[in-house]
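For reference, the structure is listed below as structure tokens.
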Amino acid sequence: MRILFFSFLILCSLTACTRLPDIQGKGTEFLQGVWNQDSVANSDKLLNYTQHKFKFTCDSFYVDLTTRSSVNYYEDSCYNKGIWREYAKGTYLVRADTLFLAGTYTKANYKQKISGCYQIGQYIKSFKIDHNEQAKLMLENTGNQREISLKLEQKIMCIPQPL
């Protein structure tokens, strides 16, 4: 009886797992490219706001964040007269009308950032896709309901790379 149980357990464990391919996924075709947010609505009335520049390539994303703030939330050496840049990279997934981003904050060269000014650690965001045209994309941040209007600067064709 024991041998039958262990044989069944081994058989289940061998068939339950499938090895994922050692190549990145294709991602979502309409997102592939470099998207830039030229301006932020009502920015003159906000204490702080962030402009986004996204690059989607296959199943990966890179984002440059430019923040402008009239309020100092950081040490004076980090405040930089109220303008600073942050970077993040990771993978994304589109499910129904929502874009999910999961990654980490990085340095400007997209290498992992473990200390310094501003954000460190995980970059986890989700956006509702409000509008999608060939060269325009409207996202709504699910965390603060701010709209992000993006224009396509450059189209990218996904060529999956080995991991």
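Each reported figure results from applying straightforward, stated rules to the coordinates on display, with no laboratory input. The shown structure was predicted, so the numbers you read here are calculated from the model rather than taken from an experiment. For neighbour counting, all protein chains shown are included, and Cβ atoms are generated from backbone atoms with ideal geometry for every residue, glycine included.
Computed quantities for the displayed model
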| quantity | calculated |
| --- | --- |
| Cβ-based exposure ranking for D22, D38, D130, D59, in which fewest neighbours within 10 Å come first | D22, D38, D130, D59 |
| Estimated dipole of the range 82-163 in Debye, rounded to 20 [Cβ of Lys and Arg +1, of Asp and Glu -1, Cα centre] | 340 |
| Point-charge dipole on Cβ atoms (K/R +1, D/E -1) for the chain, about Cα centre, debye to 20 | 380 |
| Vicinal HN-Hα couplings computed from phi for the range 145-151 (Karplus, 6.51 cos²θ - 1.76 cosθ + 1.60; Hz; Gly/Pro x) | 6, 7, 8, 10, 9, 10, 10 |
| Options [x] 1.06; [y] 1.13; [z] 0.93 - which one matches Rg/Rh (Cα atoms, Kirkwood Rh) as calculated here | [y] |
| ³J(HN,Hα), Karplus 6.51/-1.76/1.60, whole Hz, each residue of the range 93-98, x for Gly, Pro | 8, 10, 10, 6, 10, 10 |
| Estimated 222 nm signal from helices in the chain, with DSSP H stretches of n ≥ 4 weighted -39500 (n - 2.57), rounded to 500 | -3500 deg cm²/dmol |
| Cα-based helix-to-principal-axis angle, 2-16 vs the chain, degrees rounded to 10 | 40 |
| Entries in K26/K89; K45/K111; K45/K89; K26/K53; K81/K128 that, when Cα-Cα distance is taken, lie over 26 Å | K45/K111; K45/K89; K81/K128 |
